[in-house]
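The values are calculated or read from the model by the stated rules, or taken from the named source; none is laboratory data. As the structure is a prediction and not an experimental result, all values here were calculated from the model. Cβ sites come from the backbone with ideal geometry, for glycine too, and all protein chains shown count toward neighbours. These area figures cover heavy atoms from the full protein model, side chains too; ligands, DNA and RNA do not enter into them. Shrake-Rupley method; radii C 1.70, N 1.55, O 1.52, S 1.80 Å.
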Amino acid sequence: MAFIFHRLCLIAAFALVLAGMPPASQAETYGEFAEGLLRSLPDGARFRPDLEAVIAGLANRYRAGEGKAPLESSSLFRNAARAHAADMMVNGFVGHRASTGHNFDSRMRVFAGDVTRFPAMAENAARAGGKGTANAAKARRLFQQWIGSASHRRTLLRRDYHYVASGVVERDGELWAVQIFWATPRQKGMFQ
């Protein structure tokens with residue numbers, strides 16, 4: 001009887017994981033969509049690696065001021081962050097669900113495969129509009145939005161995050177930025 005209960009619990013957990021995952025054709029479609037954004041931004045738009053470094057540095061300075069360990073900048077999810085920032089710019093929104101309808105977990109599956117290898121993951125997203133140059137000062141104002149929001153601030157300060165990837169895209173002086181945070185991945189996912 002205990003064996004059957006244990007097996008039913010595993011099946012239920014697996015079903016919950018699958019519930020947030022789109023069918024394979026949709027995941028491939030999001031991958032193609034993201035690759036298209038990364039390859040070909042609209043006229044006047046460009047990725048800003050310099051400002052990606054600025055917001056990664058701001059995250060570590062803020063964490064240090066709050067007594068938290070620094071995050072290691074990593075390129076593992078840089079394309080995921082850039083693709084989502086570009087999607088927000090092209091489609092005029094800020095949020096964690098792609099314009100294709102894919103949520104954070106399903107987007108990360110495209111870039112990381114088995115997300116159950118990651119004990120913890122999250123993202124922050126924001127936009128800094130207005131006239132003027134898209135420079136470090138504007139990136140700092142964008143970052144202040146995250147500090148001013150309790151949920152984004154919690155993400156920035158979470159102890160079990162060890163890595164960060166940043167994506168920033170600029171068009172006409174406006175910035176869209178995404179930071180993805182994650183803990184050290186396990187060797188194997190939960191269902192391997």
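A count restricted to the stretch 102-114 and to residues that are in contact (Cβ under 8 Å) with a residue 24 or more places away in the chain and either open to solvent by 20 Å² or more (accessible area, probe 1.4 Å) or among the aromatic types (Phe, Trp, Tyr) (or both) stands at 7.
Are any residues in the stretch 58-88 of a type in the set (Gly, Ala, Ser) and either under 16 Å from the mean Cα position of the chain (by Cα) or over 20 Å from residue 159 (Cβ atoms) (or both), and if so, which ones? 59, 73, 74, 75, 80, 81, 83, 85, 86, listed by residue number.
Looking across the stretch 133-152, just one residue is open to solvent by less than 50 Å² (accessible area, probe 1.4 Å) and among the basic types (Lys, Arg), and that is 138.
There is at least one residue in the stretch 81-93 that is of a type in the set (Lys, Arg), touching a strand residue (DSSP E or B) at 6+ places or on another chain (Cβ under 7 Å) and crowded, with 22+ Cβ neighbours inside 10 Å. In the stretch 132-152, the residues that are touching a residue at least 40 places away in the same chain (Cβ under 8 Å) reach residues that are assigned to a helix (DSSP H, G or I) with C-beta atoms within less than 6 angstrom, at least six apart or across chains, in these pairs: 136/54; 139/51; 139/54; 139/55; 143/55; 143/58; 147/153. Pick from the stretch 115-132 the residues that are part of a helix (DSSP H, G or I) and either in contact with a strand residue (DSSP E or B) (Cβ under 9 Å, 6 or more places away or on another chain) or open to solvent by 40 Å² or more (accessible area, probe 1.4 Å) (or both): which of them is modelled with the lowest pLDDT? By that ranking, first place goes to 115. Quick one: would you say residue 175 is outside any helix (DSSP H, G or I) and of a type outside the set (Gly, Ala, Ser)? It is true that residue 175 is outside any helix (DSSP H, G or I) and of a type outside the set (Gly, Ala, Ser).
Counting only residues that are under 12 Å from the mean Cα position of the chain (by Cα) and outside any loop (DSSP other than H, G, I, E, B), the stretch 89-109 holds 6 of them.
Any residue at all in the stretch 112-126 that is farther than 16 Å from residue 166 by Cβ and acidic (Asp, Glu)?
yes
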